[in-house]
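The values are calculated or read from the model by the stated rules, or taken from the named source; none is laboratory data. Note that the structure is predicted; figures quoted are calculated from it, not measured. Methodologically, a virtual Cβ is constructed for each residue, glycine included, from the backbone with ideal geometry; neighbour enumeration extends over all protein chains shown. Side chains are part of the model used for accessible areas, which takes the heavy atoms of the whole protein and leaves out ligands, DNA and RNA. Shrake-Rupley method; radii C 1.70, N 1.55, O 1.52, S 1.80 Å.
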Amino acid sequence: MIRMLLRVLGHRYAGPARRTVALMTTTAAAEGLSCALLVPVLRALFGGAPADAWPWLGAFGAAVAVYAVLRYTSDQAGMRVGTSMLRGMYHRLGEHLARLPLGWYDTGRVGEVSVMASRGLLQAMSIIAHLLAPFVSALVTPLTIVAVMFTVDWRTGLAALAAAPVVAAVQRAPAPPTAAAAAAPHERAKEAAAPGVE
């Protein structure tokens, strides 16, 4: 979907969007590294020499600080790119609608354009502004944790890797009802915007 948006909006938005995705990916990797550093911290704390945990605690604190800065920066970048793309999409939509013949604007199409120009575009652009970072994080953070686990103990990493399909299946289970529930308000708004259509 992001590829389609960039194709519609042109090359002007491709660079900033790709940089934002790269920043979000780096942020998710930093989050995974922070979580994975808890393993040596806890191992040292509960081992025979708790004082050995101090270097790991320092590394964990530094990783969390880096993650916090990256997260703030990537969230701001996502909002900027999303609003910039929304502005561009409104301009492109306006230019396209101005070229259409007047006969194209019947009652049903006016309702469809109204819904698309209000809720439709806002929902499409909110993907980059609000939903892209959690999506990237859901993919990259667990992979980073598994990679770090492999370096600490290959058996733990293998167990985490084996559990990944189960976790993915559990997360995908509620997706169809959620998608249907999300589509229902869109249909109602379309009908409300075009009351003359049976």
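Using the crude model of +1 on Lys and Arg Cβ and -1 on Asp and Glu Cβ, and no other charge, please compute the dipole size for region 20-145 relative to its Cα centre, in debye to 20.
240
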Which translational diffusion coefficient, to the nearest whole µm²/s, is obtained for region 14-171 from the Stokes-Einstein equation, given a Kirkwood hydrodynamic radius over C-alpha pairs, 37 °C and 0.692 mPa s? 174
Loop only per DSSP, at most 12 neighbouring Cβ atoms within 10 Å: give me the chymotrypsin sites (Phe, Trp or Tyr not before Pro) in region 104-164, ordered by residue number. Y105
With every protein chain kept in place and a 1.4 Å probe, the residues S137, S74 fall, from largest accessible area down, as S137, S74
Kirkwood-Stokes translational diffusion coefficient of region 1-88, alpha-carbon pairs, 37 °C, 0.692 mPa s, µm²/s: 218
Spelling out what I want: for every residue of region 30-41, take phi, set θ = phi - 60°, compute 6.51 cos²θ - 1.76 cosθ + 1.60 (Karplus), and round to whole Hz; glycine and proline get x. 5, 5, x, 5, 4, 5, 5, 5, 5, 4, x, 4
Per DSSP, loop chymotrypsin sites (Phe, Trp or Tyr not before Pro) in region 17-65 with at most 10 further Cβ within 10 Å: F46
